[in-house]
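Working notes, structure below.
The values are calculated or read from the model by the stated rules, or taken from the named source; none is laboratory data. Keep in mind the model is a prediction, meaning the values are calculated, not measured. A quick note on method: Cβ atoms are made from the backbone with ideal geometry, for glycine too, and the neighbour counts reach across all protein chains shown. These accessible areas exclude ligands, DNA and RNA; they are computed on the full protein's heavy atoms, side chains included. Shrake-Rupley method; radii C 1.70, N 1.55, O 1.52, S 1.80 Å.
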2 protein chains.
Amino acid sequence: MSALIRLPQWQALEAERRALAGFHLRAAFAADAGRHARFSRTLSAGDTRIVLDFSKHRIEARTLELLLELAHARDLRGRIDAMFAGERINTTERRSVLHVALRDLSNRPLVVEGTDIKPMVASVRDRMLDLAERVRDGRWTGHTGARISDVVNLGIGGSDLGPQMIAVALAPYQDGPRVHFVSNVDPEHLRSTLVGLDPKSTLFIVASKTFTTTETMTNARAARNWLVSGLGAESATTKHFVALSTNAKEVAAFGIAPANMFEFWDWVGGRYSLWSSIGMPIAIGIGRVRFMQLLAGAHALDEHFRTAEFANNLPVLMGLLGVWYINFWGAGSQSIAPYSQHLARFAAHLQQLDMESNGKRVNLEGEVVDHETGPVIWGEPGTNGQHAYFQLLQQGPALIPVDFIVAAESPFADDAQHRILVANCFAQSATLAIGKTADEARAEMIAGGMSEQEAQRLAPHREFPGNRPSSTILVQRFDPFTVGFLTALYEHKVFVQGAIWGINSFDQWGVELGKQIATRLSPALSDPKVPVDAASAGIIAAWRSLRKGG
Amino acid sequence: MSALIRLPQWQALEAERRALAGFHLRAAFAADAGRHARFSRTLSAGDTRIVLDFSKHRIEARTLELLLELAHARDLRGRIDAMFAGERINTTERRSVLHVALRDLSNRPLVVEGTDIKPMVASVRDRMLDLAERVRDGRWTGHTGARISDVVNLGIGGSDLGPQMIAVALAPYQDGPRVHFVSNVDPEHLRSTLVGLDPKSTLFIVASKTFTTTETMTNARAARNWLVSGLGAESATTKHFVALSTNAKEVAAFGIAPANMFEFWDWVGGRYSLWSSIGMPIAIGIGRVRFMQLLAGAHALDEHFRTAEFANNLPVLMGLLGVWYINFWGAGSQSIAPYSQHLARFAAHLQQLDMESNGKRVNLEGEVVDHETGPVIWGEPGTNGQHAYFQLLQQGPALIPVDFIVAAESPFADDAQHRILVANCFAQSATLAIGKTADEARAEMIAGGMSEQEAQRLAPHREFPGNRPSSTILVQRFDPFTVGFLTALYEHKVFVQGAIWGINSFDQWGVELGKQIATRLSPALSDPKVPVDAASAGIIAAWRSLRKGG
């Protein structure tokens, strides 16, 4: 049994889980009119407010205390301080973890190994935002002098999901050139994106720290071919390609001017990089002022995370509630339900953020853990999900916690229709919590004119067990500040869980072997004489036989 | 203990699970060069072939036999025959389940309660395809005589996800007007979709069987306002709105001509309706010939499912393998990894298909089940997922089976680049199966120049446990026929699992209560005096306080 499981605080939570075997949210709300007030927190940040309602969880006041004690026992405070101080908490790669520095808009210096990194961060950001503004206002033109109408971001993983999620989320604030994202090495992704684009007015952003990522560089070369053949000049690349990278040599060899390379640092993990130069497609879309508001929202959450006591600390509370379900109730997944069509890519971003960070099976000491770690993250925007998979959330046998995310108002669209959206969001969390008994279902059917016998037959099918947990995150509106705040909220929720489990949330060795094997298999697809491993030989032969003329 | 769990076949599988405790795919492949051949099936359909490779599963020949015996014990054969014969297998709604009739292109009559339904199906389909062709070739014009350039589908759930998934999947075959999908009641969904569209050349499809779905009708009314105010004439609706519905009265009241209403039937469930009139946006995009190829692909799979012996029956094998992991290995989710950017919405469609069908907690007899049912379905296209959540698949503690879906060739794009995609797909399944031992990781690091001590420290972090199961579905190309085939493959996989569990895969009572409560809460958002339930009062008060001036 690991040290974590042996902790008295962990054992106390095991006992609490048993003590709550008869707990039901319906009874809890009926018994206690103050439940919402006890289990919700309202945070003022900038000129806005955010509410975390966690009253619809299988907890009592005592449970929360025990979870907070676990956090203290795991020295969460020390872990938070270590990150903000720039310690090398990514121990397997011996790196600091300082995405918080990218949005630290305070006057405090941030000294890492003797150097204040903040001037360097500000300088690269200024260069990046300056280029974004020049593209937006037409001072930057293409090879033929044409203004840029379309920007294509070539990147994958963190160089794609984060900026794409934000660009989609802030679509109502988008007033620059159109922004497209191409990530997949599937050649159809680039081909179909370029249909209808004009090389004269298209700018490509190549986002790859090493400038060697297979997918990104394969697409970048194909894009360069398209551009050069469209414009008839090799030299056109200098006006149509910029790089977000640290590999100056490869960037120059590709045909990108040094002035158009924007660096970031080894203390910025891919899944935390949208706040860096990797955010350029966001900045081109919404402009400097709103990009800074995005950073300010994230910084406000950072300050809250760094300073608020744990009992009022939003990412701490969310992280601990996740641990409660994952480790004590056996929940294998967490559903994300943003009630906003513009947050359509939020769950996909969180999939990387959470699962790449905490999908780990060894702890910091290299011991195989004897408990679950990160959950599967999944979800689609509400109300869409209600007409699809909510059936399983409501009536399936499995316990799946849900995060509802909704805005109080919609600045650009019809307010009455927005209220229908909000009512649906609140109705789902209430329904999951309260349910409907078989007796109630039966009585309703009989009141509706059904025979007693038929009502009896159908009642079990129309019963809702309830007692299904959810959080509701209520914001005023999904503006740049708030979207920055929300994104950072989940980053730190992931941090909290990693700290509880004692794992390294900042490496990603699990992606390495696949790359290695893909590189080994690629030649075998072109040449049947190249030997392949036993697990791949059969499917490669099948692939060959299915190809035309194969 | 339920009758299912007591079955000797179920108990034999429990024993088999224990017998395989020491099984590892690495050893299984090393020991048996014939493993791929034994555990893969190639199916010829139309002029194409499909391979299901299930060799990377925790099974031996004996396991497969036991799973097939379970299928026989649950009378899967009888259940399949009952569906195809039009019996009312949706017992809680007393309905037949006949989406297979929508794509039955054979000459066999399909007599349901004395009537051959096939002429009726063909007649509505012909009308629908005729309208699609008129929109495509410009014979159908808008109120001012302008040709239709954009089609907006207004529907939600099955009236959105299925047609949208297919439209995205077949984007390379799209040669009609642009097709947009608006589902969410979030007013931003419609507002942002209409930006840049011209009322003169926009056609709306209102897809709602009852013509009362809140989301769809709210959006339809907002769309009508946009259209009428844009064109300045109430009567313009007749040339800019068509209905996929059965409620002739409400359709007429909305301002849609009876000739432009296309019906379907109560034996077509929403999540199986893309093959019906609900497929109109697909047909407008790709045209009659390709729409018929889509149906032909699904029909080919239907014929296979109906007639092939279970040991060679693709949906039967896939369904049983799912049961194996869900019920015997505790897998709570199933990841879908289509290696095709155009299949970006495939997992979202399967989420509804699978989770709405099999997210049930009572069996056909109304007894609460004592086992898990449908899994959480989730996933993003490969190779994107590799740079995000594959970390957790490779190195997380949980067991999550993966379906890889990939095409042998890419008809429209660069073949060399497509081979990189294929190599990545095969590499992931091999890596999941084979893994990398700590010794191998250590040796590699030392060979790369690392100190023994550091290699020792990092080895546990760079070990891959392997033995993680996946299927690979390999097709020739993602053309209309194959996409139809694949979609039907998953429909019947879901059917197989529902039959094993003895649940009703065709109702969806779990969506009902949420609608009821939303309708009850909506007035409370406008009027603070309307009483609300205890679980909603707090969050509604918070919502009110967050609104401007609230």
### Summary
In this structure, the FRET efficiency calculated for residue B:249 and residue A:440 from their beta-carbon separation, with R0 = 25 Å, to the nearest 0.05, is 0.20
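Can you give the average number of partner chain beta-carbon atoms within 10 Å of each beta-carbon in peptide B:24-37, as a whole number?
On the way: counts 0, 2, 3, 0, 2, 6, 3, 1, 1, 3, 1, 4, 9, 3.
Going residue by residue through B:24-37 and averaging, the value is 3.
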### Query
How much accessible surface does residue A:81 have with a 1.4 Å probe, in Å² rounded to 10?
70
## Note on the structure
Taking a ≥ b ≥ c as the square roots of the Cα gyration tensor eigenvalues, with a/c under 1.5 meaning rounded and otherwise prolate when a/b beats b/c or oblate if not, the stretch B:349-487 comes out oblate
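Suppose every K and R has +1 on its Cβ and every D and E has -1 on its Cβ; what is the size of the dipole of the protein assembly as shown about the Cα centre, in Debye to the nearest 20? Numbers along the way, then the final one.
Details: 110 positive and 112 negative charges, 237 e Å.
The dipole of the protein assembly as shown has a size of about 1140 debye.
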### Task
Once you've got the Cα coordinates, tell me which of A:493/A:515; A:515/B:56; A:360/A:493; A:436/A:493; A:56/B:515 are over 26 Å apart.
A:493/A:515; A:436/A:493
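Please figure out what share of the DSSP beta bridges in the stretch A:329-412 is antiparallel and state it in percent, rounded to the nearest 5. Could the numbers behind the result be given before it?
On the way: 1 of 8 bridges.
The answer is about 10 percent antiparallel.
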### Message
Rounded to two decimals, what is the ratio between the C-alpha radius of gyration of the stretch A:208-301 and 2.2 N^0.38 Å?
### Response
1.21
### Query
Accessible area drop of at least 10 Å² (1.4 Å probe, protein heavy atoms): which residues of the stretch B:181-207 qualify, relative to the chain alone?
B:183, B:184, B:185, B:186, B:187, B:188, B:189, B:191, B:192
### Query
Cα axis of helix B:415-434 to longest principal axis of chain B: angle in degrees, 0 to 90, nearest 10?
50
### Query
Which whole-Hz couplings ³J(HN,Hα) result when phi for each residue of the stretch B:397-413 is put into the Karplus expression 6.51 cos²θ - 1.76 cosθ + 1.60, θ = phi - 60°, listed in order with x for Gly and Pro?
x, 7, 8, 9, x, 10, 9, 8, 10, 8, 9, 5, 9, 10, x, 10, 10
### Message
Can you list the residues in the stretch A:406-425 whose accessible area drops by at least 50 Å² when all protein chains are present, compared with the chain alone? Use a 1.4 Å probe, heavy atoms only.
### Response
A:408, A:409, A:417, A:419, A:420, A:423
### Query
What number, in nm² with one decimal, is the all-direction average of the projected area of the convex hull of the alpha-carbon atoms of the stretch B:119-247?
8.1
### Task
For the stretch A:283-422, just say rounded, prolate or oblate: build the C-alpha gyration tensor, square-root its eigenvalues into a ≥ b ≥ c, call rounded for a/c under 1.5, and beyond that prolate if a/b exceeds b/c, oblate if not.
oblate
### Query
At residue B:109, with labels set 7 Å past Cα in the Cβ direction, how many nm apart are the copies from this one, shortest first?
9.2
## Note on the structure
Over all viewing directions the Cα convex hull of the protein assembly as shown casts an average projected area in nm² of 41.7
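Where does chain B land on Rg/Rh, using Cα atoms and the Kirkwood Rh? All intermediate terms of the calculation are to be shown ahead of the outcome.
Numbers: Rg = 25.6 Å, Rh = 25.6 Å.
Result: Rg/Rh = 1.00.
How much mean residue ellipticity at 222 nm does chain A get from its helices, if each DSSP H run of length 4 or more adds -39500 (n - 2.57) and you divide by all residues, to the nearest 500 deg cm²/dmol? Kindly include the intermediate steps, with their values, before the conclusion.
Working: 24 runs with 254 residues, N = 550.
Helix contribution divided over all residues of chain A: -14000 deg cm²/dmol.
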### Query
Helix B:214-231: angle to the longest alpha-carbon principal axis of chain B, degrees 0 to 90, nearest 10?
50
### Summary
Given a 1.4 Å probe, the accessible area of chain B per residue, as a whole number of Å², is 32
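Evaluated at 37 °C with a viscosity of 0.692 mPa s, what Stokes-Einstein diffusion coefficient in µm²/s does the stretch A:293-344 have when Rh comes from the Kirkwood expression over alpha-carbon pairs? Spell out each step's value before the answer.
On the way: Rh = 13.2 Å.
Value of D from the Cα-based Kirkwood radius: 249 µm²/s.
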### Task
Calculate how many DSSP beta bridges within the protein assembly as shown are antiparallel, expressed in % of all such bridges and rounded to the nearest 5.
35
### Query
Where the centre of each part is set by its Cα atoms, how far does the stretch A:524-544 sit from the stretch B:500-544, in angstrom?
54
### Message
Placing the label point 7 Å from Cα along the Cα-to-Cβ direction, what are the distances from residue A:127 to the equivalent spots in the other copies, shortest first, in nm to one decimal?
### Response
6.6
### Task
Note the angle between two axes, namely the Cα long axis of helix A:118-137 and the longest principal axis of the Cα atoms of chain A, as a number of degrees from 0 to 90, rounded to the nearest 10.
70
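For the stretch B:124-188, what class follows from the C-alpha gyration tensor (a ≥ b ≥ c being the square roots of its eigenvalues): rounded when a/c is under 1.5, otherwise prolate if a/b is larger than b/c, else oblate? Show your work: numbers first, answer last.
Values: a/c = 1.73, a/b = 1.38, b/c = 1.25.
Prolate is the answer for the stretch B:124-188, as a/c is 1.5 or above and a/b outweighs b/c.
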### Query
Residues with amide H under 5 Å of residue B:244's amide H, sequence separation 5 or more or different chain, H placed in the peptide plane at 1.01 Å from N; which?
B:206, B:207, B:208, B:262
### Query
Taking amide hydrogens as modeled 1.01 Å from N in the peptide plane, which residues meet the under 5 Å criterion relative to residue A:112, leaving out close sequence neighbours?
A:117
### Message
Suppose we keep just the DSSP beta bridges with both residues in chain A; what percent of those would be antiparallel, to 5?
### Response
35
### Task
Find how many whole Å separate the alpha carbon centroid of the stretch A:1-63 from the alpha carbon centroid of the stretch B:356-373.
29
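Using only protein heavy atoms and a 1.4 angstrom probe, determine the accessible area buried between B and A, summed over both sides, in Å² to the nearest 100.
Values: alone 23660 and 23680 Å², together 35530 Å².
By this definition, chains B and A bury close to 11800 Å².
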### Summary
Along the dipole axis of chain B (charges at Cβ: +1 for Lys and Arg, -1 for Asp and Glu; origin at the Cα centre), the most positive-end residue among B:36, B:318, B:406 is B:406
### Query
Based on Cβ point charges of +1 for Lys and Arg and -1 for Asp and Glu, what charge dipole magnitude is obtained for the stretch B:409-498 about its Cα centre, in debye rounded to the nearest 20?
240
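Quick check: at a probe of 1.4 Å, how many percent of the accessible area of the protein assembly as shown sits on carbon and sulfur atoms? Kindly include the intermediate steps, with their values, before the conclusion.
On the way: 18240 of 35530 Å².
Within the protein assembly as shown, the accessible surface is 51 percent carbon and sulfur.
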### Task
Take the alpha-carbon centre of the stretch A:143-159, take the same for the stretch B:382-430, and report the distance between them in whole Å.
26
### Query
Which distances, shortest first and in nm, link residue B:197 to the matching position in the other copies, using label points set 7 Å out along Cα to C-beta?
2.5
